[in-house]
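The values are calculated or read from the model by the stated rules, or taken from the named source; none is laboratory data. Remember, predicted model here, so these are calculated numbers, not experimental data. Glycine gets a Cβ as well: all are built from the backbone with ideal geometry, and neighbour counts include every protein chain shown. Heavy atoms of the whole protein, side chains included, go into the accessibility calculation; ligands, DNA and RNA do not. Shrake-Rupley method; radii C 1.70, N 1.55, O 1.52, S 1.80 Å.
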Amino acid sequence: MSSTAAQLLQPTRILLDIAAKDKNDAILEVAAIIRADPDVLDYGRLCTELIARDELRSTAAGYGVAFPHARTDAVREIIIAAGRSQAGIRFGDELVHFIFVIGTPREKAGDYLVAVGTLARLLRSGNNRAALTQAATPGDFIRALAP
Amino acid sequence: MGNSTQTTSQPPGSPDSQKTPRLRPHLVPLLKLRVWISERFRPTELQITLLWAGLVGFGGALSSLLFRAASNGVHLLITGSDKGLVESFSDMQPWQRFLTPTVGGVLAGATIVFGMRLARQKNSTDYMEAIVLGEGNVPFRSSLVKSGSALFTIATGGSIGREGPLVQLSAMLASLPGRWRKWPPPRRRLIVACGAAAGIASAYNAPISGALFVAEIVLGSVAMESFGPLVFASVVATMTIRQFPSMGGGNPLYGVPPFQLNATWEILPYALLGIIAGIAAPWFLRFLRLCETLFERSRIPTIPRLALGGAIVGSLAIWYPEVAGNGYSSINNILHNVHNEWAWQLLLAIFLCKILATGATFGSGAVGGVFTPTLFVGSGLGYLVGAVFHSLWPQSALTPSAFALVGMGAFLAATTHAPLMAILMVFEVTLDYAIILPLMMGCVIAYYLSIGIEPASIYSESLKRKGARIFDEHLSNLHILDLMKPDPPAVLITAGFEEIAQNFISHHFNYLYVVDAERHFLGVVSLHDIKPYLNEPEMADVIIAEDILREDFPTISPGVPLAQALDKFARHDGERLPVLDETTRKLLGRVSKSDLILAIADRSKTDQTSSRPTAAAS
């Protein structure tokens, strides 16, 4: 099961040091990694919808991880990009160190549920988060999630 | 409870301050159970109505028991006797026989006069068991007042049936859940009908007839959508009554001597009895109406009028105490008159006096049931006809008691215009299968003859006076708006997984409506969509309604005619559809397939009956 999310994570879609300090900037910075991906049909719209969904209700899960996501026609297949911020970014009251940006086609709500469910289960573990914090390369980062 | 959920969702805006709580562990097994039930049983509103029908049957039986206890109590108080009416009248001095029903008339009249002032309703003569379903609201106060008045008439020997108030009380109780749950009219009507069926079933210890009485006379249809709940209510009511041995336990109401047909030709005299009953019944109805008219023309005020009615019964009772009461014990005497304890001359005298007494009681405006008195007249008629045949062919197996049974059914079929009910009623109250062939023959012949002579049944007048057709006409141009249950539970688009789960657990729908802060409909969350993720409680941290929203869910507008709505349901596998305002797309309510089917079944019945002479008679 964990492989599903890990397979979707590619070394090229991981940003180890988010520069932005602001929440929306950080989400956009992570999303920018997949800007040129062929599965992203409309990058501008994806960004708008990611921010809009987070405005609707915070996507921070409560343990230093946020899942900004959008169900949108702007992507063809489910796509995930990850970012890490050692300093942390404020999502309201919560200090977030890991941002997983997820885009899913509108009709494939199920894919989104699988991805979020899997990632959420992995990231609830303090050990896993510690391993992610220590990851030196994108490869380490992915291995920390799929040992 | 409908709109409580819209406030549980946090308002949009200031999203950063919102924390999605983790799904509480106890919700997961509950939600799994909920999914399991919905997949295995798919309970529809109709099945849930069946449960309510059972409850209504139970309540109807209890109210019947209570009413019987009350009428026995009043009887004991006024006459000082705890025996049956005919027995206690036989024990009385002549002046007491005269005075008791007269005093009863005064009390019954006073109850109506003062009670109706409280209920602010006009009183009119009616046969109480002819319950009008209307929109499914049986008035509370006037039901109690009428039942109270009937209580005095019954307890003091008025020639009237207990079944009237039993049906009225039971139906009144049955209308309560519909009001409380804000059901749409078709379902409220059905549940009131269930109450009426429970009343008849508990009065006669006869569940089949209870259901059929209401189906044939009140609903005018034996469609399965409505008949199922009627049967259910009847059975529960009967089972409840049978727990009380003083009510006869599981025994039939009338024990009958054994009977059999010895030769094929023996059915012919019964067919002849059917003809006689079919001709006599309309005249009995006309006689009752004549009595009403005479009393009405006299312009005597209510209290002395009912007292006069009682006095007539009392005067007849001086010579024939058998006229007192609903006729139950007299029917039993007739059926067991195998050894001619009652000579036919005596029976004829009692028979004629009983008809007079019944006319006097109903004519004076006393409220109550006309059903049991009708049974008596039918059995008396049957017995007398049987006695003639017996004297013509004394060596044959033609016993007058068997004629009394068939006469009871045939006369009932001819007065109520409900032959199916009449056949099964006689079968149920006697549990004698051997009688069934002559009984069916007699009932059907009598029914066909009587509708030719008199298109109005015994209940037509009562139903008309109570305005039965007003709603029936309204029924024929119902729209979705009339069937809609307002303010359905809905959640905001920002509702978290926990709130969604709570809604699915506390309600029995499979689709949860999602709205924005102004109640504009956005789509639904399907129980089946969230099912695969119940094992991943971590999901609850980040999922909101928006993430799993189905936007292509079919909706319906309030002005849509029923036939068109049915078409919409045909293309949708769910039990309910959201009703939206056409222009604003605001969520107004929801409408269920079961209510739609009930309404359409009701309507097709109305179309039939308005072209049928019985109900249209004026």
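Below, the figures for the structure above:
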{"quantity": "Accessible area buried between chains A and B, both sides summed, probe 1.4 Å, in Å² to nearest 100", "calculated": "2400 Å²"}
{"quantity": "Listed pairs B:Lys146/B:Lys354; B:Lys182/B:Lys586; A:Lys108/B:Lys182; A:Lys21/A:Lys108; B:Lys182/B:Lys568 exceeding 27 Å between Cα atoms", "calculated": "A:Lys108/B:Lys182; A:Lys21/A:Lys108"}
{"quantity": "Hits among aspartates and glutamates - C-alpha to C-alpha of A:Lys23 under 12 Å, sequence gap 8 or more where chains match", "calculated": "A:Asp54, A:Glu55, A:Asp93, A:Glu94, B:Asp16"}
{"quantity": "Translational diffusion of the range B:69-204, µm² s⁻¹ [Kirkwood Rh, Cα pairs; Stokes-Einstein; 4 °C; 1.567 mPa s]", "calculated": "82 µm²/s"}
{"quantity": "Percent accessible area from carbon and sulfur atoms, the protein assembly as shown, protein chains only, probe 1.4 Å", "calculated": "60 percent"}
{"quantity": "5 angstrom amide H check on B:Ile493, placed H, neighbours 5+ away", "calculated": "B:Val515"}
{"quantity": "For chain B, average projected area of the Cα convex hull in nm²", "calculated": "31.5 nm²"}
{"quantity": "Cα point-scatterer Debye curve for the range B:276-365, base-10 log of I(q)/I(0) at q = 0.11, 0.21, 0.22 Å⁻¹", "calculated": "-0.36, -1.05, -1.11"}
{"quantity": "Longest exposed-site-free window of chain B, the sites being GluC sites (Glu not before Pro) in a DSSP loop that have at most 15 other C-beta atoms within 10 Å", "calculated": "B:1-340"}
{"quantity": "Helix B:94-119 vs. chain B, principal-axis angle (Cα, 0 to 90°, nearest 10)", "calculated": "20 degrees"}
{"quantity": "Dipole-positive endmost among B:Thr49, B:His528, B:Ile331 within chain B (Cβ charges, Cα centre)", "calculated": "B:Ile331"}
{"quantity": "Per-selection Kirkwood Rh - the range A:12-141 (Cα, Å, 1 d.p.)", "calculated": "14.5 Å"}
{"quantity": "Size of charge dipole - chain B - debye, nearest 20, with Cβ of Lys, Arg +1 and Asp, Glu -1, no other charges", "calculated": "1300 debye"}
{"quantity": "Sparse-neighbourhood loop sites, trypsin sites (Lys or Arg not before Pro) in the range A:65-147 - DSSP loop, at most 14 other Cβ within 10 angstrom", "calculated": "A:Arg76, A:Arg106, A:Lys108"}
{"quantity": "R0 of 30 Å, Cβ-Cβ distance B:Ser81-B:Gln345: FRET efficiency to nearest 0.05", "calculated": "0.55"}
{"quantity": "Solvent-accessible area per residue for the range A:12-141 (1.4 angstrom probe, square angstrom)", "calculated": "36 Å²"}
{"quantity": "Percent RCO, i.e. relative contact order, over chain B, from Cα pairs under 8 Å lying at least 6 residues apart", "calculated": "20 percent"}
{"quantity": "Nearest-ten-degree value, helix B:185-204 long axis tilted from longest Cα axis of chain B", "calculated": "40 degrees"}
{"quantity": "Volume per residue of the C-alpha convex hull in the protein assembly as shown, rounded to whole Å³", "calculated": "187 Å³"}
{"quantity": "Residue (of B:Leu261, B:Gly310, B:Pro321) at the positive-pole extreme of the range B:249-338, dipole from beta-carbon charges", "calculated": "B:Gly310"}
{"quantity": "Listed residues A:Glu77, A:Glu107, A:Glu94, most fluctuating in chain A (Gaussian network, C-alpha, under 10 Å)", "calculated": "A:Glu107"}
{"quantity": "Whichever aspartates and glutamates have a C-alpha closer than 13 Å to that of B:Lys32, once near sequence neighbours (fewer than 8 apart) are set aside", "calculated": "B:Asp529, B:Glu536"}
{"quantity": "Per residue accessible area of chain B, 1.4 Å probe, in Å²", "calculated": "39 Å²"}
{"quantity": "Chain B - mean residue ellipticity at 222 nm from DSSP helices (-39,500 (n - 2.57) per run, n ≥ 4, rounded to 500)", "calculated": "-20000 deg cm²/dmol"}
{"quantity": "0 to 90° range, to nearest 10: angle between helix B:497-506 axis and chain B longest Cα axis", "calculated": "10 degrees"}
